Amino acid sequence: MSATKSEISAFLAKLNPLVAGDGFRILDTPKNMAFLTESGLNKAAIKEELLELKVRDYSRGPLPDDKPDRNPPLTGAFWIFKREFMGWDMYIKIYMEDAKAPIIAQCWSFHP
């Protein structure tokens, strides 16, 4: 599914206060942790970069969970962004569940 510019802007407007505050988490996946180790960065630096996401960085979404047998099921959506960061072409996958409070937002992927 492809989103309109206004839908992407609305997503980023919901995401940014979560990233800037305490309502956001970067998952410790093997690829994310390998990138942190290789780059020498920490999660705070990644959060700063996520705050710089723009509509032009959008790639795909909102997308449902690609693992429908997950228990418990994920009812939110994934948004994919691609952005150059420190010479790397980054793949950024963000999950957001905003149908109920509190809004849940997680970075599932931030790596080349």
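With all pairs of different alpha carbon atoms counted, what Kirkwood hydrodynamic radius in Å does region 48-112 show? It is 12.7 Å. Comparing ALA44, ALA99, ALA77 in a Gaussian network model of the chain, where Cα atoms under 10 Å apart are tied by springs, the biggest mean-square fluctuation is seen for ALA99.
Springs between Cα atoms under 10 Å define the GNM used for the chain, and in it the highest mean-square fluctuation of GLU52, GLU97, GLU38 occurs at GLU38.
What full-extension length gain, to one decimal in nm, is calculated for THR29 and GLU52 as 0.36 nm per residue of separation minus the Cα-Cα distance?
Length gained, THR29 through GLU52: 6.1 nm.
Charges were assigned to the Cβ only: +1 to each Lys and Arg, -1 to each Asp and Glu. The resulting dipole of region 2-79 about its Cα centre is roughly 160 debye. If the segment from TYR91 to ASP65 were pulled out straight at 0.36 nm per residue, it would be longer than the present Cα-Cα gap by 7.7 nm. So which of LYS47/LYS67; LYS14/LYS93; LYS14/LYS47; LYS67/LYS93; LYS14/LYS54; LYS5/LYS67 end up more than 23 Å apart, counting from Cα to Cα? In this structure, LYS47/LYS67; LYS5/LYS67 exceed 23 Å between Cα atoms. Taking Cα centre as origin and charging only the Cβ of basic (Lys, Arg, +1) and acidic (Asp, Glu, -1) residues, the dipole magnitude of region 38-94 rounds to 160 debye.
What full-extension length gain, to one decimal in nm, is calculated for SER39 and LYS100 as 0.36 nm per residue of separation minus the Cα-Cα distance?
On the way: separation 61, 0.36 × 61 = 21.96 nm, distance 3.58 nm.
Between SER39 and LYS100, full extension yields an extra 18.4 nm.
Helices that extend 15 Å or more along their long axis by alpha-carbon positions and average at least -0.5 on the Kyte-Doolittle scale are, among the DSSP H runs of the chain, 5-20.
Filter the trypsin sites (Lys or Arg not before Pro) in region 12-58 to those in DSSP coil with at most 13 other Cβ atoms within 10 Å of their Cβ, and list the result.
For trypsin sites (Lys or Arg not before Pro) across region 12-58 that sit outside H, G, I, E and B with at most 13 neighbouring Cβ atoms in 10 Å, the list reads LYS54.
Computing semi-axes √(5λ) of the Cα gyration tensor in Å directly from the structure and comparing it against (i) 35, 17, 10; (ii) 41, 17, 8; (iii) 21, 17, 14 singles out (iii).
None of the figures in this text is laboratory data; all of them are computed from the coordinates on show. These figures come from a predicted structure and were not determined experimentally. Cβ atoms come from the backbone with ideal geometry, glycine included; neighbour counts cover every protein chain shown.
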